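The values are calculated or read from the model by the stated rules, or taken from the named source; none is laboratory data. On a predicted model such as this, the values are computed, not experimentally measured, just so you know. Here the Cβ is made from the backbone with ideal geometry for all residues, glycine too, and neighbour counts use every protein chain on show. Quick note on the areas: whole protein, heavy atoms, side chains included, nothing else; ligands and nucleic acids left out. Shrake-Rupley method; radii C 1.70, N 1.55, O 1.52, S 1.80 Å.
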Amino acid sequence: MSTPAKIYLKSRHCGPALGRHPWVFSDVIEKIDGEPKDGDEVKVFGEGKFIATGFFNSKSQIRIRLLAWEDRSLDESFFAEKIKAAYELRKQIGLVKADAAYRFIYSEGDGLSGLVADRFGDYLVLQITSLALYERRHMIAKILEKIAEPKGIFLKAEKNISTAEGLSSEDEILFGKVPEAAVEVAENDIRFEVNFLHGQKTGFYCDQRDNRKAAAALVKGKKVLDLYSYTGAFAMNFAKAGAKEIIAVDSSKGAIEQAQKNAKLNGISNIDFQVNDAFDWLKENADKKFDLIVLDPPRFAPSRGAKEKALRTYFKINEEALKAISPGGYLVTCSCSGQISREDFAFMLAGVARRSKRFVQVLEQRGQAADHPVLTACPETDYLKTFICRVL
Ligand code: SAH
């Protein structure tokens, strides 16, 4: 292998890299010594010293993804160490069981920027958002095969990110077999079918596991609305916890069909599933009032530039939802945009309360479950905000 290129950062812009933030953007690069190809390993220097080893990609906004703050090779043994450490955590927090659904590797949170792996029963579903890791996907699959002993490893392409990073947008089976039909998993003692071929992202959102339980503790005998329900996970937790009336809404017909199958699988028959746009649904049902509403919209801010517009959309949907909450009811409001901080989200909510002339009490500021660890160096990894509020 040829000697890795040396990349020098502008002297007053080394803070994040020195502080172990894994992303180096193009505008902080001073000079490149060598001719790195996209996906190559590079050595990063700044303020007169070596900082870290990472992967280069001229096509990506994130020009270098840093993986090791040592002068070492990012080879198979490096990846094996990281993957083993990730698995150890999931074992320690009690998630490693048959039929479980959990995040096996959470990208930056596990020191592997650009790699997400979810475990669903016997299978692993990967999403790769870095060209270098994509080029090394077979090596990564080999390590996962040894450590996790799955029956199959499936790579699910993320179309828009693939284009941004210049990598293939084809799904691929990396190991074993991947079933055409859905795989059954259990979460909070509720059974779900996960269809990773046709579902969104990896097929199921494990990050809200503990929040579903926390919200469910408030719903006994209550009338509740699960907006942006996907395959019904919040609604099902509410049904199990004894909610009296449940409506679940999502704009995806496929998601609602899967949600209906999930309800049946658990013998649940009191959820009214509806396919509709969340805003339209609230408008068309302005006469209805609820004791609790969950708002778990998709990422409104997918990139660094989209923050202000996203905050306006969060404002509007929260404002509309508040109108439908009876005094003394609850709002469980979420944002999964890494670009929106907790402070931004709290500020948005304060504005909504003021405009709506309601008294909003934040009872809990929750985040993603522990299988999505937040990296202190990278605030963007604290991506899920789930605020449980009482509304007077
Ligand atoms: N609450 C879900 C996850 C929600 S993900 C869970 O716990 O599993 C966001 C969901 O919003 C997706 O299912 C997507 O289909 C849906 N969605 C996107 N835009 C929407 C819209 N305008 N109205 C309603 N649902 C929408």
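The residue that is farthest from Leu322 (Cα to Cα), among those in the range 245-256 that are open to solvent by 10 Å² or more (accessible area, probe 1.4 Å) and touching a residue at least 24 places away in the same chain (Cβ under 8 Å), is Gly254.
Of all residues assigned to the range 196-215, at least one qualifies as being closer than 21 Å to Gln258 by Cα and acidic (Asp, Glu).
Among the residues making up the range 112-132, a single one is under 13 Å from the mean Cα position of the chain (by Cα) and under 17 Å from Phe192 (Cβ atoms): Asp118. Residue by residue through the range 244-265, note down the ones that are more than 21 Å from Leu197 (Cβ to Cβ) and within 12 Å of the ligand (Cβ to nearest atom). Within the range 244-265, Ala248, Val249 meet the criteria. The lone criterion from (1) assigned by TED's automatic domain parsing to the domain that holds Asp371; (2) outside any loop (DSSP other than H, G, I, E, B) left unmet by Leu144 is number (1).
Taken over the range 266-277, the residue count meeting the criterion of being open to solvent by 70 Å² or more (accessible area, probe 1.4 Å) and either of a type in the set (A, V, I, L, M, F, W, C) or within 12 Å of the ligand (Cβ to nearest atom) (or both) is 1. Might you let me know whether the range 228-240 holds any residue that is near the ligand (Cβ under 7 Å from one of its atoms), under 16 Å from Ala215 (Cβ atoms), open to solvent by 30 Å² or more (accessible area, probe 1.4 Å) and at pLDDT 95 or above? Yes; the residues of the range 228-240 include at least one that is near the ligand (Cβ under 7 Å from one of its atoms), under 16 Å from Ala215 (Cβ atoms), open to solvent by 30 Å² or more (accessible area, probe 1.4 Å) and at pLDDT 95 or above.
Residues checked against (1) in the same structural domain as Ala141 (by TED's automatic domain parsing); (2) part of a loop (DSSP other than H, G, I, E, B):
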position: Phe50; (1), (2): no, no
position: Thr53; (1), (2): no, no
position: Ser60; (1), (2): no, yes
position: Arg63; (1), (2): no, no
position: Glu81; (1), (2): yes, no
position: Tyr87; (1), (2): yes, no
position: Lys91; (1), (2): yes, no
position: Gly94; (1), (2): yes, yes
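Checking each residue in the range 66-109 for being of a type in the set (A, V, I, L, M), exposed (fewer than 13 other Cβ atoms within 10 Å of the Cβ) and farther than 18 Å from Ala148 by Cα picks out no residue at all.
The rows are residues; the columns are (1) assigned to a strand (DSSP E or B); (2) among the hydrophobic types (A, V, I, L, M, F, W, C); (3) more than 9 Å from the ligand (Cβ to nearest atom).
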| site | (1), (2), (3) |
| --- | --- |
| Leu167 | no, yes, yes |
| Leu174 | yes, yes, yes |
| Pro179 | no, no, yes |
| Arg191 | yes, no, yes |
| Gln208 | no, no, no |
| Ala215 | no, yes, yes |
| Val219 | no, yes, yes |
| Gly242 | no, no, yes |
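Only one of the numbered conditions (1) in a loop (DSSP other than H, G, I, E, B); (2) in contact with a Gly (Cβ under 6 Å, 6 or more places away or on another chain); (3) open to solvent by less than 10 Å² (accessible area, probe 1.4 Å) is violated by Leu112, and that is (2).
So, in the range 1-33, of the ones that are in a helix (DSSP H, G or I) and hydrophobic (A, V, I, L, M, F, W, C), which residue ends up surrounded by the fewest Cβ atoms within 10 Å (Cβ to Cβ)? The extreme case among them is Leu18. Selection of the range 278-292 for residues being within 12 Å of the ligand (Cβ to nearest atom) and open to solvent by less than 20 Å² (accessible area, probe 1.4 Å) yields Ala278, Trp281, Leu282.
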